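Worksheet for the structure shown next.
The values are calculated or read from the model by the stated rules, or taken from the named source; none is laboratory data. The structure displayed is predicted, hence computed values, not measured ones. Don't worry about glycine lacking a Cβ; one is built from the backbone with ideal geometry, like all the others, and counts go over all protein chains shown.
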Amino acid sequence: MSVTAQATFAATLVDEWVRAGVGHAVVSPGSRSTPLAVALAADDRLRLHVHHDERAAGFLALGIGKASGVPAVVLTTSGTAAVELHPAVVEASQAGVPLVVCTADRPSELQGVGAPQTIDQVHLYGRAVRWFCPVDPAGSAPSAWRSLAARAVAEATGAPPGPVHLDVAFREPLVGEAGPLPPGRPDGRPWHRAVRSVAGPDDAGLDDVAGLLAGERGVIVAGAGSGEPGEVHALASATGWPVLADPTSACRVPAPATVAAFDALLRHHPFADARRPQVALRLGRPPASRMLAEWLAGSAARQVLIERHGQWLDPDRAAAAVVAGDPGTWCSALARRLARPRPAPAWARSWSAAEAAAQAAMDDVLARHREVTEPGVARRLAAALPAGATLVVSSSMPVRDLEWYAAPRTGLRVLSNRGANGIDGVVSTAVGVALTTTGPTAALVGDVAFLHDANALLELAGRGVDLTVVVVDNRGGGIFSFLPQARALTAERFELLFGTPHQVDAVELAAAHGVAARAVDDLDQLEAALREGGPRVVVATTERPANVAVHDEIHAEVATALGGMA
């Protein structure tokens with residue numbers, strides 16, 4: 001092979017990405033992307049993952065960035081292959097996940113003339129990317145190549161993190177050998193580094209927020225990105241406020257202030273009405289619970305939102321202040337400012353007693369069901385995974401069942417694609433997470449999400465990941481059975497449009513991809529399957545009407561247990 005500028009350009013980008021800390025690249029096969037694909041494969045400092053399906057490849061790369069905080073590079077050829085990355089780009093943008101997207105493109109002389117596999121890729125992902133850069137290696141100076149690559153990583157890891165898009169126009173010949181690379185910074189440092197300071201609160205800002213949070217009847221709502229749990233619970237201890245902790249927050253730990261059953265508690269209107277807070281401190285992303293959101297919106301509480309990058313996560317437009325900063329750091333500072341010699345004991349005790357009663361009620365109901373139930377799967381899965389495990393949970397019902405019913409525990413990291421709240425790409429995301437995780441990884445998904453991302457199973461058996469995918473199979477869209485559509489439409493019309501039953505056997509589908517799979521009939525079998533290691537698929541079959549009934553049974557039992565606590 002002869003030395004070409006394109007091959008040298010591609011090798012320079014890869015070397016600079018490694019210098020900037022990138023450790024993984026995901027490539028989907030294609031011809032026009034050859035120079036960069038070959039360069040990525042030639043650098044043994046990178047872990048290369050080849051995936052046949054571009055959409056799955058995008059979510060696999062997203063999972064790597066979500067788990068590690070370091071962007072992966074994902075590469076496709078031109079045309080509709082590049083379009084397939086769009087769902088992962090949108091999720092990365094809205095969830096704040098770093099991602100470097102590289103799409104090969106036809107050069108300018110092939111644009112607008114009907115050349116095959118040629119579409120308009122300029123700003124293909126619109127405003128979903130933090131930075132877009134069209135690149136023509138033939139028209140760019142070698143002195144700019146390292147800057148281009150390093151800036152891509154710096155922009156992807158900015159404030160907030162997210163995807164960047166490099167659209168690279170490659171010309172024939174696509175195969176070549178790299179020549180000497182332009183010199184980089186000494187000592188292997190990247191060409192650019194983005195140094196971002198996360199300063200703590202100043203006195204004026206702290207006075208302002210503390211003034212808004214003045215009140216004895218307060219609650220702390222902890223979602224994903226809430227900061228260190230020790231700092232959050234230190235504030236709870238200083239104020240006597242409960243921590244309504246989403247599983248993705250890392251704050252759902254056994255502690256006096258932890259309230260994990262907040263959704264079930266707030267469904268009991270006498271309790272919810274008697275617990276309307278004066279102030280609410282919201283940390284990170286909002287939990288999934290609609291009951292919690294409506295309760296807060298109707299409480300007239302003064303609300304403060306603290307999010308690391310100051311993102312406006314306020315769909316009810318209720319926040320009196322949106323604060324940019326590390327939530328844990330702010331909690332530590334507020335604990336000193338808001339600490340009371342003797343926090344209101346009745347307020348804290350009432351929440352703690354209600355939490356204990358609700359947890360006991362959930363255990364009682366689920367113990368009566370020998371069959372597999374969806375709340376039971378979520379609760380047992382969260383409890384049974386070993387310390388150091390990661391659980392990736394799908395949107396729709398799985399994330400809600402985990403949020404509503406998982407008990408407090410330590411040693412479990414919970415991740416979920418809650419940027420755009422879609423069910424696409426969940427299994428691929430879990431594969432990416434497993435590739436960067438030392439402990440075991442599990443995924444909890446519904447059957448529709450599993451079918452939607454079935455191509456995640458391609459070559460999964462050979463990727464060397466300890467991943468168990470738990471599929472709750474209710475033969476369709478179970479979440480819609482909880483919505484007004486289920487009561488407003490005829491059964492036939494509801495099934496056609498929302499229930500969407502299918503006849504796919506998830507065990508056979510996994511087996512067809514060479515992935516070990518089994519069905520389980522009870523929760524003990526589920527727990528045993530988790531100990532077998534992965535990759536494997538475990539299928540728990542439920543019925544949609546029975547699932548609604550067991551949810552109602554749990555909520556009724558919690559209401560009974562609360563009794564006169566209102």
Q: For Arg276, state whether it is outside any helix (DSSP H, G or I) and either of a type in the set (Asp, Glu) or within 26 Å of the chain's Cα centre (by Cα) (or both).
A: no
(Q) Among the listed residues Gly439, Gly411, Gly432, Gly422, identify the single one that is within 18 Å of Arg290 (Cα to Cα) and out of contact with any Cys (no Cβ under 7 Å at 6 or more places or on another chain). (A) Gly422
Q: Please find, among Val431, Val445, Val471, the residue that is touching an Asp or Glu at 6+ places or on another chain (Cβ under 7 Å), of a type in the set (A, V, I, L, M, F, W, C) and buried (at least 22 other Cβ atoms within 10 Å of the Cβ).
A: Val471
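Okay, residues lined up against (1) buried (at least 23 other Cβ atoms within 10 Å of the Cβ); (2) free of Cβ contacts under 8 Å to residues at least 40 places away in the same chain; (3) closer than 20 Å to Val232 by Cβ:
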{"position": "Arg252", "(1), (2), (3)": "yes, no, yes"}
{"position": "Phe262", "(1), (2), (3)": "yes, yes, yes"}
{"position": "Leu265", "(1), (2), (3)": "yes, no, yes"}
{"position": "His269", "(1), (2), (3)": "no, yes, no"}
{"position": "Arg275", "(1), (2), (3)": "no, no, yes"}
{"position": "Pro286", "(1), (2), (3)": "no, no, yes"}
Q. Hey, among Ala378, Ala357, which residue is touching a residue at least 24 places away in the same chain (Cβ under 8 Å), assigned to a helix (DSSP H, G or I) and in contact with a strand residue (DSSP E or B) (Cβ under 7 Å, 6 or more places away or on another chain)?
A. Ala378
Q) Considering only helices (runs of 4 or more DSSP H) fully contained in the range 25-141, which possess at least 2 residues that are surrounded by 23 or more Cβ atoms within 10 Å (Cβ to Cβ) and out of contact with any strand residue (DSSP E or B) (no Cβ under 6 Å at 6 or more places or on another chain)? A) 34-42, 54-68, 86-95
Q.
Between a residue in the range 543-566 that is surrounded by fewer than 16 Cβ atoms within 10 Å (Cβ to Cβ) and any residue that is polar (S, T, N, Q) and in a helix (DSSP H, G or I), which pairs come within a Cβ distance under 8 Å, given they are 6 or more apart or on different chains?
A. Pro545/Ser481; Val548/Ser481
**Q.** the range 297-337, residues that are in a strand (DSSP E or B) and charged (D, E, K, R)
**A.** Arg302, Glu307
Q: Go through Glu355, Glu374 for me and flag whichever is buried (at least 20 other Cβ atoms within 10 Å of the Cβ), under 18 Å from Phe482 (Cα atoms) and not basic (Lys, Arg).
A: Glu374
Q. Within the group Glu532, Glu527, which residue is of a type in the set (Asp, Glu), surrounded by fewer than 19 Cβ atoms within 10 Å (Cβ to Cβ), within 23 Å of Ala406 (Cβ to Cβ) and in contact with a helix residue (DSSP H, G or I) (Cβ under 8 Å, 6 or more places away or on another chain)?
A. Glu527
Q: Evaluate the range 175-183: report whether one residue or more is among the hydrophobic types (A, V, I, L, M, F, W, C), assigned by TED's automatic domain parsing to the domain that holds Ala297 and farther than 26 Å from Gly96 by Cα.
A: no
Q. If we scan the range 338-349, do we find a residue that is assigned to a loop (DSSP other than H, G, I, E, B), touching a Gly at 6+ places or on another chain (Cβ under 8 Å) and surrounded by 16 or more Cβ atoms within 10 Å (Cβ to Cβ)?
A. yes
Q. Which residues, taken from the range 178-205, are surrounded by 13 or more Cβ atoms within 10 Å (Cβ to Cβ) and either touching a strand residue (DSSP E or B) at 6+ places or on another chain (Cβ under 9 Å) or of a type in the set (D, E, K, R) (or both)?
A. Ala178, Gly179, Arg185, Arg193, Pro201, Gly205
**Q.** Residues (in contact with a strand residue (DSSP E or B) (Cβ under 6 Å, 6 or more places away or on another chain), touching a residue at least 40 places away in the same chain (Cβ under 8 Å) and among the aliphatic types (A, V, I, L, M)) located in the range 320-354
**A.** Ala320, Ala321, Val323
Q. Which of (1) more than 25 Å from Gly227 (Cα to Cα); (2) in the same structural domain as Pro247 (by TED's automatic domain parsing) is the odd one out, the single condition Gly325 does not satisfy?
A. (1)
Q: Find all pairs meeting these conditions: Cβ atoms under 8 angstrom apart; at least six residues apart or on different chains; first residue within the range 303-319 and not assigned by TED's automatic domain parsing to the domain that holds Ala333; second residue of a type outside the set (S, T, N, Q).
A: none
Q: Might you check whether a residue that is in a loop (DSSP other than H, G, I, E, B), of a type in the set (A, V, I, L, M, F, W, C) and free of Cβ contacts under 8 Å to residues at least 40 places away in the same chain occurs anywhere in the range 497-519?
A: no
Q) Do we have Ser226 as part of a helix (DSSP H, G or I) and among the polar types (S, T, N, Q) here? A) no
